Amino acid sequence: MKPLILLSGGLDSAVCLWMMRTRFPVTVTVDYGQPHIREIYAAARLAEACNVKNIRLTLDSVYRGCKDGLFSGQDKVAASTVVPLRNMLLITASAAVAEAQGCDTVVVGSNADDFVDYPDCRKSFIDSINATLQASGSPVTVMAPLLRMTKRGVVDKAKQLGVPIEATLSCYRGDGCGECAACKLREASL
């Protein structure tokens, strides 16, 4: 397996990177115009720490003018942070990069705590996107190794692997606010 890690700069994707780092992965970080843009810089530092290539994709025009999810500023409840079709966009763009880079797998950090609020983090979505990639003739598959773990389990795995948790950023505002849904979940799991 030659993995490409979809690396946001958050804790989940960092754990995926550390899990796969001995396989010499490539990482992709996507700027989709998210308000928490500082995660992109955290992703670059995490890739550098593992001495792996980090490719930055810019798709910021896709959500320009979007009033849904993270773009509305309503970030205290996870259900209100849904960005329409985000993971479909990020995964399919990453699959295209994976093919170009000679990778056969896109690794995403979806976890069990994402299921309720984010339909595109569920096993059924991962299975569906894999079927779509296969139907398109792509040799790339999507893997979600944290899918059955809660955020607390992800934190435990991070500690076990030696992930520099303090170097990750999981905040919808990009500054470790302690108030948004991502910060609250992270703090409750540490």
Looking at Phe115, Phe125, Phe71, which one is surrounded by 13 or more Cβ atoms within 10 Å (Cβ to Cβ), more than 15 Å from the chain's Cα centre (by Cα) and aromatic (Phe, Trp, Tyr)? Phe71
Test Ile55 against the criterion of being in contact with a strand residue (DSSP E or B) (Cβ under 6 Å, 6 or more places away or on another chain) and either within 21 Å of Arg148 (Cα to Cα) or assigned to a loop (DSSP other than H, G, I, E, B) (or both), and give yes or no. no
Going through the stretch 161-180 in order, the residues found to be closer than 14 Å to Leu17 by Cβ and in a helix (DSSP H, G or I) are Leu161, Ile165, Ala167
The condition of being among the hydroxyl-bearing types (Ser, Thr, Tyr) and touching a residue at least 60 places away in the same chain (Cβ under 8 Å) holds, among Thr58, Thr92, Thr81, only for Thr81
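Filter the stretch 129-155 down to the residues that are over 18 Å from the mean Cα position of the chain (by Cα) and part of a helix (DSSP H, G or I), then identify the one that is surrounded by the most Cβ atoms within 10 Å (Cβ to Cβ).
The extreme case among them is Leu133.
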Take the conditions out of contact with any strand residue (DSSP E or B) (no Cβ under 8 Å at 6 or more places or on another chain), over 22 Å from Cys50 (Cβ atoms), at pLDDT 95 or above and not in a loop (DSSP other than H, G, I, E, B) and apply them to Ser124. Does it pass? yes
For the stretch 9-26, does any single residue satisfy the condition of being in contact (Cβ under 8 Å) with a residue 40 or more places away in the chain, under 12 Å from the mean Cα position of the chain (by Cα) and assigned to a loop (DSSP other than H, G, I, E, B)? yes
Any residue at all in the stretch 97-104 that is among the charged types (D, E, K, R) and either part of a loop (DSSP other than H, G, I, E, B) or buried (at least 18 other Cβ atoms within 10 Å of the Cβ) (or both)? yes
Being farther than 30 Å from Glu179 by Cβ, modelled with pLDDT of 95 or more and surrounded by 14 or more Cβ atoms within 10 Å (Cβ to Cβ): is that true of Thr29 here? no
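The values are calculated or read from the model by the stated rules, or taken from the named source; none is laboratory data. Because the structure is a prediction, the values reported are computed rather than measured. Cβ atoms come from the backbone with ideal geometry, glycine included; neighbour counts cover every protein chain shown.
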